[in-house]
Amino acid sequence: MAQYDTTPEVARELGAFLERRREQIAQRWADTALFRTVFTVSRDEAVEAGKAVLDALAEVARTGRLEDTGAPGFAAVREQLGRMAATRSRAGLGASRIAGEVAGLREPAVALLRADSEDPADERTHACALALTLLMGTLRLVVMETTVGAGGELIARQRQQLLEVATPVIKLWEGVVAVPLIGTLDSARTQVVMESLLEAIVDQRARYAILDITGVPTVDTFVAQHLMKTVAAARLMGAECIVSGIRPAIAQTIVHLGIDLGTIITRAGLADALAYALTRQGMVVSPPPRAGAGPR
């Protein structure tokens, strides 16, 4: 950002101008792209939002910290303009476009500043205009920092939501829940698996929990260790855990890695695991009739 020699007196004069012309600037800002496209229901709402931003800028100007993004006055700006920038971001606008819309707020304010002066070309007016340009440039940085931070938080929330959607816990029977795992397991997803399963055990009062790994392409030491930890945690919650879907290739990999799953109950498929859980609860599970076989 360009460096300007702004004296405390000029900064205070700028703050006084922003307070004095608060209503007029807010009215002009309400017609800019940033405010107009966010506050589509009521123009008065856009004007009030503009006033809140101007109050914050006036506070920053009074302190003389025109280049300091950490100035206390910018806290309100982060809250107000941050929400607006997030709305524009959700509408598909990139960070550079949002920054351009924030930069567009400078010109209406500068025009009113020059109109306030008896001689728009005098040195004092020019100094205030430079101070205002500096303040608006810092405002742009503040909004960009807020937008980037909000974008990161949004991505993190979306990733967590995707993990939860990709790891559903299904109630198969009274007292029996299952987690069908599909795709590669990483540390974040394995944590979601454990948390989701334990929550389901409590909510459903499940006595049996099935981890079906039919859709897991490979099982390495990390995945095997996670399975054992999940089984141990389920036992602590009072549920017996069954692992199903161990294909021949995965079984060979487990043996090759020297991983001991001897303490874990395993079944070839989800149906076999469910049959085991139902049988353990005293139910009789009959095999399906063979094709072509009729009643005798």
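Taking 0.36 nm per residue of sequence separation and subtracting the Cα-Cα distance, how much length would be gained by fully extending the chain between V192 and L141, in nm to one decimal?
Details: separation 51, 0.36 × 51 = 18.36 nm, distance 3.61 nm.
Contour length minus Cα-Cα distance gives 14.8 nm.
Beta bridges per DSSP, both residues in the range 170-280: antiparallel share near 20 percent.
Work out which GluC sites (Glu not before Pro) in the chain are exposed loop sites (DSSP not H, G, I, E or B, at most 12 other Cβ within 10 Å) and give the longest gap free of them. The answer is 175-296.
In the range 189-228, what trypsin sites (Lys or Arg not before Pro) fall in a loop by DSSP, with at most 14 other Cβ atoms inside 10 Å?
Working: sites: R189, R205, R207; in loops: R205, R207.
Sites meeting the loop and neighbour criteria: R205.
Working from label points 7 Å from Cα in the Cα-to-Cβ sense, the R205 to T263 distance is 2.9 nm.
How high is the FRET efficiency between A249 and R280 when r is their beta carbon distance and R₀ equals 25 Å, given to the nearest 0.05?
On the way: r = 29 Å, r/R0 = 1.15.
After rounding to 0.05, the efficiency reads 0.30.
Rounded, prolate or oblate, given the Cα gyration tensor of the range 8-162, with a/c below 1.5 counting as rounded? Judged from the Cα gyration tensor, the range 8-162 comes out prolate (a/c at least 1.5, a/b above b/c).
If each residue of separation counts as 0.36 nm, what is the full-extension length gain between H126 and A271 once their alpha-carbon separation is subtracted? Could you put the intermediate results ahead of the total?
Details: separation 145, 0.36 × 145 = 52.20 nm, distance 8.01 nm.
Full extension from H126 to A271 adds 44.2 nm.
Sorted from fewest to most neighbouring beta carbons within 10 Å, what does the list S89, S286 look like? Let's see the in-between values first.
Working: S89 18, S286 6.
Ranking S89, S286 by Cβ neighbours within 10 Å, fewest first, gives S286, S89.
Taking the helices alone, the chain has a mean residue ellipticity at 222 nm of -20500 deg cm²/dmol, built from -39,500 (n - 2.57) per DSSP H run of at least 4 residues and averaged over all its residues. Just to verify a number: FRET efficiency for R43 and A75, C-beta to C-beta distance, R0 = 30 Å, to 0.05? Taking R0 as 30 Å, the efficiency between R43 and A75 is 0.70. The label-point distance for R83 and A115, in a model that sets each label 7 Å from Cα toward Cβ, rounds to 2.9 nm.
Where a ≥ b ≥ c are the square roots of the eigenvalues of the C-alpha gyration tensor, would you call the range 171-215 rounded, which needs a/c under 1.5, or, failing that, prolate if a/b is larger than b/c, or oblate? Oblate is the answer for the range 171-215, as a/c is 1.5 or above yet b/c matches or exceeds a/b.
Rounded if a/c is under 1.5, else prolate if a/b is larger than b/c, else oblate: which is the range 170-280, with a ≥ b ≥ c the root eigenvalues of its Cα gyration tensor? Note, shape of the range 170-280 comes out prolate.
Straightening the chain between R12 and R97 buys 27.5 nm, computed as 0.36 nm per residue apart minus the Cα-Cα spacing.
Our coupling estimate for the range 223-236, obtained by passing each phi through the Karplus curve with A = 6.51, B = -1.76, C = 1.60 and θ = phi - 60°, is 5, 4, 5, 5, 4, 5, 5, 5, 4, 5, 5, 4, 4, 5 Hz, Gly and Pro reported as x.
Computed from backbone phi with θ = phi - 60° and the Karplus coefficients 6.51, -1.76 and 1.60, the 3J(HN,Hα) list for the range 239-254 is 10, 8, 9, 10, 9, 10, x, 7, 7, x, 5, 5, 4, 5, 5, 4 Hz; x is used for glycine and proline. Database remark: amide H of E240 closer than 5 angstrom to the amide H of Y208, A209 (H placed geometrically; neighbours at sequence offset of 5 or more, or on other chains; Pro and chain starts carry no H). In the range 170-280, a dipole from Cβ-located charges (positive for Lys and Arg, negative for Asp and Glu) runs towards its positive end, and of Y276, T253, Q225 it is Y276 whose Cα lies farthest in that direction. Ordering T37, P72, G15 by the projection of their Cα atoms onto the charge dipole of the range 1-79, which places +1 on the Cβ of Lys and Arg and -1 on the Cβ of Asp and Glu, puts T37 at the extreme positive end.
About its Cα centre, the chain has a charge dipole of approximately 1560 debye under the convention of +1 per Lys or Arg Cβ and -1 per Asp or Glu Cβ, with nothing else charged. For the pair T63 and Q27, a Förster radius of 25 Å applied to the C-beta separation gives a FRET efficiency near 0.45, rounded to the nearest 0.05.
Just so you know, all these numbers are worked out from the coordinates, no wet-lab data involved. Not measured: the values here are computed from a predicted model. All Cβ positions, glycine included, derive from the backbone under ideal geometry; neighbour counts span all protein chains shown.
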